[in-house]
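Following: one structure in structure tokens, then a few remarks.
The values are calculated or read from the model by the stated rules, or taken from the named source; none is laboratory data. Fair warning: this is a prediction, and the values are worked out from it, not measured in the lab. Glycine also receives a Cβ, built like all others from the backbone with ideal geometry; neighbour counts cover every protein chain displayed.
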């Protein structure tokens, strides 16, 4: 039996990092729980309404800044990183094909929440067995935790101008999870911010959601619009969504640090149901039961069938004109009022594109006839 008084916490911290690797985590870091330097920024963000419809951000504001309220006695947070990048993510080939659906690459495979939480729980149990007495609690997006500031304090990376965590050896293609503990583990050194003068993520954002460095207006963010929003997508943003039906990776794709992205060793993160390269029409043809069956165990399932249809309808409206798309939209029935509104919008977009195409075709035909007659072009 290990006496808590005689525990070598430096040695234990090293063991925790080894155990973390054995459990499939890419990196483990340890920090204290002081988040006072982030509290004002959070209050300012909320005061400006940047959380949109995510009311829980406001409700749990106090908890976010005080992890010890989630687990009384907490004095340290063990932050864990798990890479999810797959070998052939087909970023460009999918984004550049307007007839295919682009799904944020973190959501192609199994839902990471339960997977990471189970592994964090096992890590807690290993620590508990070593110490013989330990209070711990794992979190993976399951409670109001400021995971990025905590991970930054733990040395896992720095918060970039797009608000995501960046690691100089792994980019930003990874998940984060936390294990709250009540033992005085030595802390790791905070990561230095290395974004420098780069503003690539700010410039590339399709909806200009990064309103200033390190500040994202969720109400404009495609990830929020396609995942968190439960109402109609504002008309001004619909054309900007392109073929992105679940999330957006643009700010990560353009980040120079992501050339160091690490491939995942977790098979569960590999694409399911051809989600990395699937036709929009194939997904739009699903009924609700097919949606539930095909997204079982996937993070996509939580948005529900209604928002799924809404998002795909917008993408079909943004696709090049096609008689097949028009037919699919027209034949879709038993839709909610919200979904039907987006289908009607998509049909109007398809109609406008058809008219432009017909106009361009008539102009081309007129030019050809003029040339064939040997007359000046402006005759």
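Scan region 245-257 for residues that are touching a helix residue (DSSP H, G or I) at 6+ places or on another chain (Cβ under 8 Å) and over 18 Å from residue 96 (Cβ atoms) and jot them down.
Here is the first cut: in region 245-257, the ones touching a helix residue (DSSP H, G or I) at 6+ places or on another chain (Cβ under 8 Å) are 245-256.
Of everything in region 245-257, those that are touching a helix residue (DSSP H, G or I) at 6+ places or on another chain (Cβ under 8 Å) and over 18 Å from residue 96 (Cβ atoms) turn out to be 255, 256.
Just wondering, is there one or more residues in region 337-359 that are under 31 Å from the mean Cα position of the chain (by Cα), at pLDDT below 95 and surrounded by fewer than 12 Cβ atoms within 10 Å (Cβ to Cβ)?
No; the residues of region 337-359 include none that is under 31 Å from the mean Cα position of the chain (by Cα), at pLDDT below 95 and surrounded by fewer than 12 Cβ atoms within 10 Å (Cβ to Cβ).
If only one of 208, 252 is part of a helix (DSSP H, G or I) and under 29 Å from residue 309 (Cα atoms), which one is it?
Result: 252 is the single residue among 208, 252 that is part of a helix (DSSP H, G or I) and under 29 Å from residue 309 (Cα atoms).
Filter region 283-326 down to residues that are surrounded by fewer than 15 Cβ atoms within 10 Å (Cβ to Cβ) and assigned to a helix (DSSP H, G or I) and give me whichever is modelled with the lowest pLDDT.
302
Run residue 225 past the list (1) buried (at least 21 other Cβ atoms within 10 Å of the Cβ); (2) more than 20 Å from the chain's Cα centre (by Cα); (3) not in a strand (DSSP E or B) and report the number of the one that doesn't hold.
(2)
Within region 22-34, is there a residue that is farther than 23 Å from residue 159 by Cβ, touching a helix residue (DSSP H, G or I) at 6+ places or on another chain (Cβ under 7 Å) and in contact (Cβ under 8 Å) with a residue 12 or more places away in the chain?
yes
Against the condition within 30 Å of residue 308 (Cβ to Cβ) and modelled with pLDDT under 95, how does residue 330 come out, does it pass?
Taking the combined requirement at face value, the residue does not satisfy it.
Which one of the conditions (1) over 16 Å from residue 173 (Cα atoms); (2) surrounded by 20 or more Cβ atoms within 10 Å (Cβ to Cβ) does residue 252 fail to meet, given that it meets all the rest?
Among (1) over 16 Å from residue 173 (Cα atoms); (2) surrounded by 20 or more Cβ atoms within 10 Å (Cβ to Cβ), residue 252 violates only (1).
Suppose we keep only residues that are assigned to a loop (DSSP other than H, G, I, E, B) and surrounded by fewer than 19 Cβ atoms within 10 Å (Cβ to Cβ) within region 228-248. Which one would you say is nearest to the chain's Cα centre (by Cα)?
It comes out as 230.
Tell me yes or no: at least one residue of region 2-18 is at pLDDT 90 or above, surrounded by 12 or more Cβ atoms within 10 Å (Cβ to Cβ) and on the phi > 0 side of the Ramachandran plot.
Scanning region 2-18 turns up no residue that is at pLDDT 90 or above, surrounded by 12 or more Cβ atoms within 10 Å (Cβ to Cβ) and on the phi > 0 side of the Ramachandran plot.
Looking at (1) closer than 29 Å to residue 292 by Cα; (2) part of a helix (DSSP H, G or I), which is the only condition residue 46 fails?
Against the list (1) closer than 29 Å to residue 292 by Cα; (2) part of a helix (DSSP H, G or I), residue 46 comes up short only on (1).
Given the residues 330, 354, 349, which is the only one that is more than 16 Å from residue 244 (Cα to Cα) and touching a helix residue (DSSP H, G or I) at 6+ places or on another chain (Cβ under 6 Å)?
349
Restricting region 262-271 to residues that are assigned to a loop (DSSP other than H, G, I, E, B) and either out of contact with any helix residue (DSSP H, G or I) (no Cβ under 8 Å at 6 or more places or on another chain) or modelled with pLDDT of 95 or more (or both), which is farthest from residue 305 (Cα to Cα)?
Initially, region 262-271 is screened for residues assigned to a loop (DSSP other than H, G, I, E, B), giving 262, 264-266, 270-271.
From the residues that got through so far, the ones that are either out of contact with any helix residue (DSSP H, G or I) (no Cβ under 8 Å at 6 or more places or on another chain) or modelled with pLDDT of 95 or more (or both) too are 262, 264-265, 270-271.
On the way: 262: 33, 264: 29, 265: 31, 270: 23, 271: 20 Å.
Per the stated criteria, the residue is 262.
Does any residue of region 10-23 turn out to be part of a loop (DSSP other than H, G, I, E, B) and under 23 Å from residue 71 (Cα atoms)? Even if it seems obvious, please write down each step before you answer.
Just the residues of region 10-23 that are part of a loop (DSSP other than H, G, I, E, B), to begin with: 23.
From what's left, under 23 Å from residue 71 (Cα atoms): none.
Looking through region 10-23, none of the residues is part of a loop (DSSP other than H, G, I, E, B) and under 23 Å from residue 71 (Cα atoms).
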